[in-house]
Amino acid sequence: MSNISAKETSSTRAARSRVGFLGVGWIGRHRMQAIVDTDTVDVVAIADASPEMAQEAAKLASGAVLVSSLDEMLAAGVDGVVIATPSAMHAEQSIKVLDAGAAVFCQKPLGRTAAEVTSVVEAARRADRLLDVDLSYRFTEGMQEIRKLVQSEELGRLYAVDLVFHNAYGPDKDWFYDPLRAGGGCVMDLGVHLVDLALWALDFPAVETVSGSLFAGGQPLADETKQVEDYAVATIALKSGTVIRLTCSWRLHAGADAVISATFYGTQGGAALRNVNGSFYDFTAERYRGTASDTLTAPPDAWGGRAAADWARRLAQGEGFNPEAEKLVDVARVLDGIYGRAPEQIQQAPGRTAA
């Protein structure tokens, strides 16, 4: 694939990436729009278990063909595949795409355990293909600014990080509540973003210990093979001495649609990303000095599709395996620690592997 300079227009490009979309519910269509808007790819194939969803997505990509399976999509000759299917399918489908010689952009989580995530990263390395996951909160203007403060040590020595994500509604698809198909509940759905934000901002430091407490319906989770957690508290102790505290939930009586924050405390100051008025999309970032605060960023900020657009541009530039993908395993290991389980405790989900 030839490199594309920023000065080239769509009419002068020698080649464009051919991309397929596997799973086109709301999130899949939103990411499709973001990728189409980069004007670096052609959407050539769409697959979804729902014909109605597939038809709706096709409106965003004239010329794309509707296919019935991942195999049929790969046979169409794609350079990359965007995967937005139930979590249990992510690892298997990603490996299949990578082994076929195409790149992958996958919804989180990439796998239900660190073992599954490791297998995907190894497949990407073998194939020398681009692999990325939709960890979209990294791309908020607020977190970009906070990470700069952390990395430059302007906040001094970081010793505490508090992370919160409460979703007052919870997912609307039944597979999220199936331990086998989802791999977990609110930690797998929301906690993955929080863990990634903390480790990413701190440049993926060494983790010493991880512990977690899981609840379902207001009671300690008794059997994670039969139900998933809807509330979780976790503590992640780093070898540097920094402590990360995490809380996430579905359907909590939190007084707002959503409560989302990532707060970093250092010896010379603090900084926080917080959602505004219960919004899932509007965030403000502030820097703290004692009792004073300064605004770093404020809405509006159209961040939702930036991770997908970034992947599309890098794909068009011919980027292969990026060792940064190995950090996905670090995040997955922390999630394993919160659940207190070995990777082999989740078995292969039965049923279909197509979208």
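Please treat every number below as a calculation from the coordinates, not as lab data. Keep in mind that what you see is a predicted model, and the values were worked out from it rather than measured. Positions of Cβ are backbone-derived with ideal geometry, glycine not excepted, and every protein chain shown enters the neighbour counts.
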Residue list for segment 133-151, given a label point 7 angstrom along the Cα-to-Cβ vector of ASP203 and an amide N cut-off under 20 Å
138-139, 143-151
Would you mind getting me the FRET efficiency between THR267 and ASN322? Use the beta-carbon distance for r and R0 = 41 Å, nearest 0.05.
0.80
Do the alpha carbons of any pairs in LYS96/LYS148; LYS108/LYS173; LYS108/LYS148; LYS239/LYS327; LYS96/LYS239 sit beyond 27 Å of each other, and which pairs?
LYS96/LYS148; LYS96/LYS239
Here the gain from full extension of SER152 to PHE280, 0.36 nm per residue of separation minus their alpha-carbon distance, amounts to 43.2 nm
Antiparallel DSSP beta bridges within the chain, as percent of all bridges there, nearest 5
60
Contact order relative to length for the chain, counting C-alpha pairs under 8 Å separated by 6 or more residues, stands in percent at 22
Quick note on PHE105, PHE283, ordering by fewest other C-beta atoms within 10 Å, gives PHE283, PHE105
Mind pulling up the Rg/Rh value for segment 141-297? Radius of gyration and Kirkwood radius, both on Cα.
0.99
Table column - 3J(HN,Hα) (Hz), segment 74-86, Karplus curve with 6.51, -1.76, 1.60, x for Gly and Pro:
5, 5, 6, x, 10, 8, x, 10, 9, 10, 9, 10, x
Quick one: VAL150, VAL243, VAL104, fewest Cβ neighbours within 10 Å first, how do they rank?
VAL243, VAL150, VAL104
Sorted by Cβ density within 10 Å, fewest first, the residues SER136, SER94, SER211:
SER211, SER136, SER94
Farthest toward positive dipole pole in segment 141-297 [+1 Lys/Arg, -1 Asp/Glu at C-beta], among SER279, HIS166, GLY269:
GLY269
Can you give the Rg/Rh ratio of the chain, where Rg is from the C-alpha atoms and Rh is the Kirkwood radius?
0.96
Extension gain (nm, one decimal) between GLU56 and ALA302, 0.36 nm per residue minus Cα-Cα
86.3 nm
Whole Å is fine, so just give me how far the alpha carbon centre of segment 115-173 lies from that of segment 262-319.
12
Enter the mean projected area of the convex hull around the alpha-carbon atoms of segment 92-224, in nm², rounded to one decimal.
10.3
